[in-house]
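The values are calculated or read from the model by the stated rules, or taken from the named source; none is laboratory data. Please read these numbers as outputs of a predicted model, since none were measured by experiment. Please note: Cβ atoms are built from the backbone with ideal geometry, for glycine as well, and neighbour counts cover all protein chains shown.
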């Protein structure tokens, strides 16, 4: 339960990244395509290193049920062309399914829990993630996330997000390995 041991939200002392997303502007795919919600994704990792979004930008539970598969977060380990921009992070941890999420105005994730016990979530806030535009709620607390900052968030707890005007953030499923945990602990801001 590494992420739970750290609390709900821990800032990491990792460098901000000068991302070049304009090269991927035509690669955005609907995130969880069976839901009509203003959210899109770009794959940082995928099954084959491609950026098709299938199945890496889908609900794995729904995709597995509909397709008779058994994918989990740790199956998506091949870095995509976009993922090359995150090498300074991905070379130090064991990375599973990871992507950039773009929420449109009014885009959201409803209350849910992430229940893959073999990984934990690291979030990197990219654009317009200040509290006046982007709200991340864990149980009954609004988390004060900021642009260009990295966080370990306990997504095993009930959480939800909402963007008033649109925003972008990266979601990393980090596999719980000694190497990953050691890097994150060394990177804690406090």
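At a glance:
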{"item": "Candidates 152, 135, 181, filtered to the one that is touching a residue at least 40 places away in the same chain (Cβ under 8 Å) and closer than 27 Å to residue 33 by Cα", "result": "152"}
{"item": "Residue among 171, 142, 158, 185 that is out of contact with any helix residue (DSSP H, G or I) (no Cβ under 6 Å at 6 or more places or on another chain) and under 23 Å from residue 22 (Cα atoms)", "result": "171"}
{"item": "Residue 121 being in contact (Cβ under 8 Å) with a residue 12 or more places away in the chain, under 28 Å from residue 179 (Cβ atoms), within 14 Å of the chain's Cα centre (by Cα) and surrounded by fewer than 20 Cβ atoms within 10 Å (Cβ to Cβ)", "result": "no"}
{"item": "Residue within region 18-25 that is touching a strand residue (DSSP E or B) at 6+ places or on another chain (Cβ under 7 Å), surrounded by 15 or more Cβ atoms within 10 Å (Cβ to Cβ), in a helix (DSSP H, G or I) and on the phi < 0 side of the Ramachandran plot present", "result": "yes"}
{"item": "Extreme residue, nearest to the chain's Cα centre (by Cα), among residues of region 124-174 that are within 22 Å of residue 76 (Cβ to Cβ) and in a loop (DSSP other than H, G, I, E, B)", "result": "155"}
{"item": "Hits in region 40-83 - residues which are without any contact (Cβ under 8 Å) to a residue 12 or more places away in the chain and either in contact with a strand residue (DSSP E or B) (Cβ under 7 Å, 6 or more places away or on another chain) or within 19 Å of residue 121 (Cα to Cα) (or both)", "result": "61"}
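Condition check ((1) buried (at least 18 other Cβ atoms within 10 Å of the Cβ); (2) at pLDDT below 95) across all residues:
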| residue | (1), (2) |
| --- | --- |
| 144 | no, yes |
| 147 | no, no |
| 159 | yes, no |
| 162 | no, no |
| 169 | yes, no |
| 178 | no, no |
